[in-house]
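Working notes for the structure below.
The values are calculated or read from the model by the stated rules, or taken from the named source; none is laboratory data. Values in this document were obtained by computation on a predicted structure and should not be read as measured data. Positions of Cβ are backbone-derived with ideal geometry, glycine not excepted, and every protein chain shown enters the neighbour counts.
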Amino acid sequence: MGNNHRLQPAVQLAQRREDSAAHALADFQRRLDEQQARLQQLLEFRREYSEQLNTSSRSGISSLRFHDYMVFLAKLDRSIAKSRQNLETLQREFQHKRHLWLMSHAKIQALEGVVKRDHREQERAQNRREQTDSDERNLRNYRGTSEE
């Protein structure tokens, strides 16, 4: 596909928009991965802390210490809930960014298809002109040799 087509500026603009959408999508994927990792860390920390509480409870702990464990676990549970909420928000935003990228990608493919079809049609027209010119030359040459 040549760069001299009349739609080339539109194709280039669409490519810049697709690149921008792809970068935004990649950024959201990174943010989504980070949020998933944070949630996993919180869940793992809560599991370990709960195990500590169970182990300490078996060997006997004061009611104050037990209360502190419970308060901290409640804080962890709130953090986990907030982290899940953030993750869900990022997942929705990611899907939206993915949709935007897919739309921009489809637009480029459509524009490039138009340009390619136009180039093929131009080539066919050029081939027909060349064939007509060749036929006319051959006909003139034939007439010139037959008159002799």
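Quick look at the numbers
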{"quantity": "Members of region 6-19 that are in a helix (DSSP H, G or I) and free of Cβ contacts under 8 Å to residues at least 60 places away in the same chain", "calculated": "9, 12, 13, 16, 19"}
{"quantity": "In region 25-40, the residues that are surrounded by 13 or more Cβ atoms within 10 Å (Cβ to Cβ) and among the basic types (Lys, Arg)", "calculated": "31, 38"}
{"quantity": "Answer from 89, 132 - the residue that is β-branched (Val, Ile, Thr) and over 30 Å from residue 19 (Cα atoms)", "calculated": "132"}
{"quantity": "Residue within region 62-69 that is among the basic types (Lys, Arg) and modelled with pLDDT of 95 or more present", "calculated": "no"}
{"quantity": "Test: residue 92 is of a type outside the set (Phe, Trp, Tyr), surrounded by 14 or more Cβ atoms within 10 Å (Cβ to Cβ) and on the phi < 0 side of the Ramachandran plot", "calculated": "no"}
{"quantity": "Of the criteria (1) of a type in the set (A, V, I, L, M); (2) in a helix (DSSP H, G or I); (3) farther than 30 Å from residue 33 by Cβ, which one residue 61 fails", "calculated": "(2)"}
{"quantity": "Region 13-71: number of residues that are of a type in the set (A, V, I, L, M) and in contact with a helix residue (DSSP H, G or I) (Cβ under 6 Å, 6 or more places away or on another chain)", "calculated": "9"}
{"quantity": "Candidates 53, 43, filtered to the one that is under 34 Å from the mean Cα position of the chain (by Cα) and surrounded by 14 or more Cβ atoms within 10 Å (Cβ to Cβ)", "calculated": "43"}
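For every residue, the table says whether it meets (1) within 30 Å of residue 37 (Cα to Cα); (2) assigned to a loop (DSSP other than H, G, I, E, B); (3) without any contact (Cβ under 8 Å) to a residue 24 or more places away in the chain.
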| position | (1), (2), (3) |
| --- | --- |
| 53 | yes, no, yes |
| 67 | yes, no, yes |
| 76 | yes, no, no |
| 97 | yes, no, no |
| 102 | yes, no, yes |
| 109 | no, no, yes |
| 116 | no, no, no |
| 131 | no, no, yes |
